[in-house]
Amino acid sequence: MAVKIIELCTNCHACLPVCPSHAIYETKPHFMVDPKKCTECEGDFADFQCASICPIEGAILNALGEAINPPGSLTGIPLEKMAEAMAELQAH
Amino acid sequence: MTCALLSCKAIFKEVKQMQLPVLNDAPSAKSGCSASSCGTTDSQMDTLPDSIREKVQNHPCYSEDAHHYFARMHVAVAPACNIQCHYCNRKYDCANESRPGVVSEVLTPDQAVKKTMAVAANIPQMTVLGIAGPGDPLANPEKTFETFRRLSQEAPDIKLCVSTNGLALPEAVEELSKHNIDHVTITINCVDPEVGAKIYPWIYWNNRRIKGVKAAKILIEQQQKGLEMLIAKGILVKVNSVMIPGINDEHLAEVSRVVKSKGAFLHNVMPLIAEAEHGTFFGVMGQRGPTPDELQNLQDSCAGDMNMMRHCRQCRADAVGMLGEDRGDEFTMDKIEDMEIDYQAAMEKRKLVHQAIQAEMDSKRLEKAQKAAVKPAVAPQTRPVLMAVATSGQGVINVHFGHAKEFLIYEASPEGVRFISHRKADQYCGGDVSCGETESTLQTTIRSLAGCEAVLCSKVGYEPWEMLEQAGIMPNGEHAMENIEEAVMAVYLEMAKAGKLDTEQLRASA
Ligand code: SF4
Ligand code: SF4
Ligand code: SF4
């Protein structure tokens with residue numbers, strides 16, 4: 001069982017030092033989790049540490065492939081508002 | 001600043017800060033302020049211990065005249081952050097530190113040390129190194145402290161400073177006190193958790209993500225505790241706040257009072273800059289930033305309560321050079337790798353340059369104090385006037401209106417001339433392709449001068465001249481290369497003579 005960092009990652013470094021299993025490494029184009037090392041923090045912490053500090057919604061997936069921090073959960077921006085702002089930007 | 005917000009994408013920048021008027025005019029540390037223009041803050045500076053005054057006096061970020069001569073640089077070594085601010089999208093630089101969309105180069109501690117020493121050897125005026133965003137330097141303490149440790153040893157003539165959101169500050173104080181730390185900047189936007197919950201959606205604390213009022217409460221407690229611990233250790237603390245209209249604008253007077261009572265030497269209010277394209281909560285939700293007038297009013301109201309520094313400009317995290325002038329391109333990592341630096345020799349040279357600068361500054365301070373003792377020849381009830389000045393430093397008017405990246409705002413009154421703030425201008429003509437947008441950028445620039453009645457620069461083009469006049473701002477290119485204070489006073493006297501400053505007119509226009 002392991003979590004996964006996907007391309008939404010902005011390489012902010014925050015998850016790297018907090019992983020108890022040293023499973024996270026810096027690489028291009030974005031940070032990655034070594035699935036062999038990731039313990040899902042089992043035995044160390046109640047929550048996935050990487051996903052508890054990651055600021056980017058959707059950047060880290062659980063073993064089922066679901067976003068641990070789904071859209072809107074961190075920024076608090078309502079989804080319709082975000083969609084509106086994006087549509088507006090595209091229009092330019 | 002640190003950002004508490006250091007690493008954000010910026011959403012706003014460090015635009016203005018508050019001033020330390022007393023320092024600007026004090027010819028010597030002990031004599032206090034002999035200048036008539038010092039205003040209400042004199043007594044506050046007088047209460048600062050001499051050791052603090054001395055530190056601040058030559059600091060390019062805090063002393064109004066020193067920033068014309070000395071320079072600072074920032075390096076980014078620690079991009080992680082342990083909180084989220086609603087004005088930061090974390091994809092770019094820290095809001096507190098940066099221009100939107102400009103991503104700072106994140107360096108390893110080794111690269112940061114090399115870069116700092118290369119710059120110091122080539123620009124002897126560089127005296128202050130800050131670790132800033134993106135990220136919170138204390139959320140990555142190892143990298144930050146390794147950089148500090150090495151610089152304290154290898155380049156002991158460089159002052160170090162660090163900015164933080166404060167969450168991890170209390171446990172860092174002990175280590176900070178071991179290095180050559182000149183000052184610590186804490187970004188404090190509130191002292192009330194209810195207000196904080198509207199600014200900070202979450203923090204990472206004790207291995208959990210915590211949200212809402214509870215998160216804000218912890219953050220505030222850590223900030224205040226860190227502030228108290230630094231003061232107890234004798235480390236200078238500056239506080240930055242981001243002014244967010246409708247959220248903490250009224251609350252900031254309380255913040256100012258609290259941090260000052262605990263011993264912060266400076267409180268700096270910056271405007272929120274929020275745009276939807278930054279993708280931040282405030283940007284997307286349409287939260288507006290303050291107008292220049294609102295910002296200045298707040299700075300003025302806090303000034304009665306706090307030493308305000310107004311001359312500091314927003315600077316990018318990896319900015320190199322004199323304040324406001326970015327020479328980062330000369331010191332990219334690949335160029336630095338090729339440089340051979342003999343720091344011992346450089347330090348000798350730096351010492352001589354610093355002494356010469358100090359001598360020049362001292363003589364100018366003295367001159368200014370003597371001049372200020374002579375009150376201008378206007379009736380005491382003549383109303384004050386704000387003027388904008390385009391300058392690249394050295395205390396003279398030497399920038400073309402269209403080339404000004406920022407304006408210095410001065411107030412002329414029967415009490416003399418006093419520096420108020422910096423305002424960013426959008427350069428309306430950089431000679432590049434963006435010139436297509438000339439018109440609107442020029443309008444933005446003129447809008448940034450709201451409240452000013454004259455703008456003094458070395459030259460003004462025909463088109464802006466007309467637009468300035470229409471906006472009620474008198475363009476003036478007659479004082480090119482003249483001393484700023486003298487020119488501002490000369491224009492003020494002309495205005496008075498022409499009858500533009502009569503009190504009746506003030507009432508009519510008010
Ligand atoms: S879930 Fe835990 S162990 Fe796995 S990568 Fe994240 S922090 Fe490391
Ligand atoms: S915390 Fe999130 S965004 Fe930052 S490096 Fe890790 S996965 Fe990427
Ligand atoms: S979220 Fe972190 S990096 Fe962004 S402004 Fe706040 S403290 Fe700085």
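Coordinate-derived values only; no laboratory data. None of these values were measured; they are calculated from a predicted model. Here the Cβ is made from the backbone with ideal geometry for all residues, glycine too, and neighbour counts use every protein chain on show.
Scanning the range B:252-285 for residues that are surrounded by fewer than 18 Cβ atoms within 10 Å (Cβ to Cβ) and on the phi > 0 side of the Ramachandran plot yields one hit, B:263.
Within the range A:42-59, the set of residues being facing chain B (nearest Cβ under 10 Å), under 8 Å from the mean Cα position of the chain (by Cα) and within 16 Å of ligand 3 (Cβ to nearest atom) comprises A:54, A:55, A:56. Residues in the range A:1-10 that are more than 9 Å from ligand 2 (Cβ to nearest atom) and away from every other protein chain (no Cβ under 14 Å): A:1, A:2, A:3, A:4.
Can you pull out every residue in the range A:60-92 that is within 11 Å of chain B (Cβ to nearest Cβ) and of a type in the set (Asp, Glu)? Passing the criteria: A:80, A:84, A:88.
Please verify whether the range B:151-168 includes one or more residues that are more than 14 Å from chain A (Cβ to nearest Cβ) and over 26 Å from the mean Cα position of the chain (by Cα). If you could, list the steps in order and put the result at the bottom.
Taking the range B:151-168 as the starting set, the residues that turn out to be more than 14 Å from chain A (Cβ to nearest Cβ) are B:151-164, B:166.
From what's left, over 26 Å from the mean Cα position of the chain (by Cα): B:153-154.
Within the range B:151-168, one or more residues are more than 14 Å from chain A (Cβ to nearest Cβ) and over 26 Å from the mean Cα position of the chain (by Cα).
Does residue A:13 fit the bill of being near ligand 2 (Cβ under 10 Å from one of its atoms) and within 8 Å of chain B (Cβ to nearest Cβ)? Criteria met by residue A:13.
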